[in-house]
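The values are calculated or read from the model by the stated rules, or taken from the named source; none is laboratory data. Because the structure is a prediction, the values reported are computed rather than measured. Methodologically, a virtual Cβ is constructed for each residue, glycine included, from the backbone with ideal geometry; neighbour enumeration extends over all protein chains shown.
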Amino acid sequence: MIQKIKGTMDILPDRTPLFRYIEGIMREEAAKYGFGEIRTPTFENTELFVRGVGNTTDVVQKEMYTFNDRDENRSISLRPEGTASVVRAVIENGKCSDAMPLKYYYIISCFRHEAPQAGRSREFFQFGTEMFGSESPAADATSIALAASVIKRLGLDNVKLHINSIGCKECRPKYRGALTKYYGEHESELCDTCKKRLVSNPLRLLDCKNRECANLAKDAPRTVDYLCDNCREHFESLKKYLDGMGVEYTVDSSIVRGLDYYTKTVFEFVAEGIAAQSTVCGGGRYDGLVEELGGPALPGIGFAMGITRIILAMEQLGKDKIEECKPKLYIASMGEAASLRALSIVEKLRREGIWAECDVVGRSLKAQMKYANKLGADYTLIIGDFELESGKAQLRDMRASEQREVELDNFTI
RNA sequence: GUGGGAUUAGCUCAGCUGGUUAGAGCGCCAGGUUGUGGCCCUGGAGGUCAUGGGUUCGAACCCCACAUCUCACCCCA
């Protein structure tokens, strides 16, 4: 047989209710916070992601699904994340002239060619938001509060918020310098990959899980000590907003995001007790991105929440069991005439909005009763030739195991 | 991309140092008398032992390759 592509998944009817439940909460919360849904194409010009996500990132360098368009021979890519497309759409649709802020959310699948493991697949689902046009930490706090609200409603008290500030164009180089200097003095103690990172991306040294490196990170210079006045004020103010809004957090100087566009605020919601991919939601501010992609100098902030990682966190708490809807009524029939009648009654009830089922495979009465039981039907109506003639039938209450006679043409359950 | 573990029925797994027709539980289907579910009992269907090579008189079992899953690194949601 032809198998599915590595790192993709089939989600069957026993699991889709959980996805719908989670996505439903995301939509409701987003709406409450004034975010409107935006839908953008699954694929875009490769250049959009190269410029938007950053051409030094692993995501762009080695994880994108990139191919040439059949008739125009241009390079297009499956989206590896959602932000770049939204920024593009906002610019392209002239939304930069609207009243600020602009608030969008989306629930999409993204694609990255990575080695699959727990909480990571090649096609993955995320809930994301983007908010444009406000430099104020109040905007950051609002976005974070929305994410926190979704997590709270899902009952994930094993998920904690970590925040940090990585500064702006002004202060980041200074911090970077201090960090390079500090780690340079301890280069011999670093793991091999960190030695490389020292040159390529020193910020990433901070969250290396290697024991030696993690020890060094404890005494490493912290971003918050190198922020320029503007960034420091912004961060301090953000904390006040979060305090005032009752959003709990811890400041975690090891948080660095891997996409190039982040500035100032960065944050992660981390699930405790999950082995590897424990970051359930990640986001931050990206003040230069809109301009980078050809729009006006519009600040922005957003986050992305991994739906399958959320499910992992829910599973850990045993909160992943979502009750499926059950048919209220099952009609068991015997004989062709009764089957015809069963289908017509079921169809009528369905049009009235009642959930009803009947036999469509030609099972025996006993087997139909078993099936009704398996479906979890509340009631079963039993009809055969005798009932068709008399116009009356037995309606069985499956839970109470009692039955009563009802009019075939006019009965209620 | 780099390592470790795994792959036997729809699902979860047994299968002794290679030895005839590969097993269990659950699930599915059908029965346990004439038109009534859940519990119990009986029976049945269902497997080219992931795939392709190799070693051997003989391979689910040993060797190689490949695929997928899984765990970790890397990176990220």
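Per-residue answers, yes or no, for (1) more than 13 Å from RNA strand B (Cβ to nearest atom); (2) touching a Cys at 6+ places or on another chain (Cβ under 8 Å); (3) part of a strand (DSSP E or B):
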position: A:LYS103; (1), (2), (3): yes, no, yes
position: A:ALA147; (1), (2), (3): no, yes, no
position: A:GLU170; (1), (2), (3): yes, yes, no
position: A:LEU179; (1), (2), (3): yes, no, no
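Just name the residue that is nearest to RNA strand B (Cβ to nearest atom) out of those in region A:290-313 that are surrounded by fewer than 22 Cβ atoms within 10 Å (Cβ to Cβ), assigned to a helix (DSSP H, G or I) and touching a residue at least 12 places away in the same chain (Cβ under 8 Å).
In this case the residue turns out to be A:THR308.
Which residue, of A:GLY52, A:GLY24, A:GLY82, A:GLY133, is more than 16 Å from RNA strand B (Cβ to nearest atom) and touching a residue at least 60 places away in the same chain (Cβ under 8 Å)?
A:GLY133
Find all pairs meeting these conditions: Cβ atoms under 6 angstrom apart; at least six residues apart or on different chains; first residue within region A:383-394 and surrounded by 12 or more Cβ atoms within 10 Å (Cβ to Cβ); second residue outside any strand (DSSP E or B) and of a type in the set (Asp, Glu).
A:ALA393/A:GLU387
Could you list all residues from region A:82-109 that are touching a Leu at 6+ places or on another chain (Cβ under 8 Å) and either crowded, with 21+ Cβ neighbours inside 10 Å or at positive phi (or both)?
Selection gives A:THR83, A:ALA84, A:SER85, A:VAL87, A:ARG88, A:VAL90.
Take the residues in region A:119-130 that are in contact with a helix residue (DSSP H, G or I) (Cβ under 8 Å, 6 or more places away or on another chain) and over 16 Å from A:ARG88 (Cβ atoms); name whichever of them is farthest from RNA strand B (Cβ to nearest atom).
A:THR129
When only residues in region A:233-273 that are more than 10 Å from RNA strand B (Cβ to nearest atom) and acidic (Asp, Glu) count, which is nearest to A:PHE125 (Cα to Cα)?
Among residues in region A:233-273 that are more than 10 Å from RNA strand B (Cβ to nearest atom) and acidic (Asp, Glu), the one nearest to A:PHE125 (Cα to Cα) is A:GLU272.
Tell me the strands (runs of 3 or more DSSP E) entirely within region A:321-397 that contain at least 1 residues that are within 11 Å of RNA strand B (Cβ to nearest atom) and touching a strand residue (DSSP E or B) at 6+ places or on another chain (Cβ under 7 Å).
Hits in region A:321-397: A:329-333, A:379-383, A:392-397.
Give A:ASN215, A:ASN230 a once-over and let me know the one that is of a type in the set (S, T, N, Q), outside any loop (DSSP other than H, G, I, E, B) and without any contact (Cβ under 8 Å) to a residue 60 or more places away in the chain.
A:ASN215
State the number of residues belonging to region A:149-164 that are in contact (Cβ under 8 Å) with a residue 24 or more places away in the chain and either of a type in the set (Ser, Thr, Tyr) or part of a helix (DSSP H, G or I) (or both).
4
Can you name the condition, by its number, that A:ALA276 falls short on among (1) within 10 Å of RNA strand B (Cβ to nearest atom); (2) in contact (Cβ under 8 Å) with a residue 40 or more places away in the chain; (3) outside any loop (DSSP other than H, G, I, E, B)?
(3)
Just to verify a result, which residue in region A:25-59, among those that are more than 30 Å from A:ILE322 (Cβ to Cβ) and among the hydroxyl-bearing types (Ser, Thr, Tyr), is modelled with the lowest pLDDT?
A:THR56
Among what's in region A:55-79 and is among the acidic types (Asp, Glu) and within 14 Å of RNA strand B (Cβ to nearest atom), pick the residue that is nearest to the chain's Cα centre (by Cα).
Top of the filtered list is A:GLU63.
Inside region A:279-289, can you point out the residues that are surrounded by fewer than 24 Cβ atoms within 10 Å (Cβ to Cβ) and more than 8 Å from RNA strand B (Cβ to nearest atom)?
Matches in region A:279-289: A:ASP287, A:GLY288.
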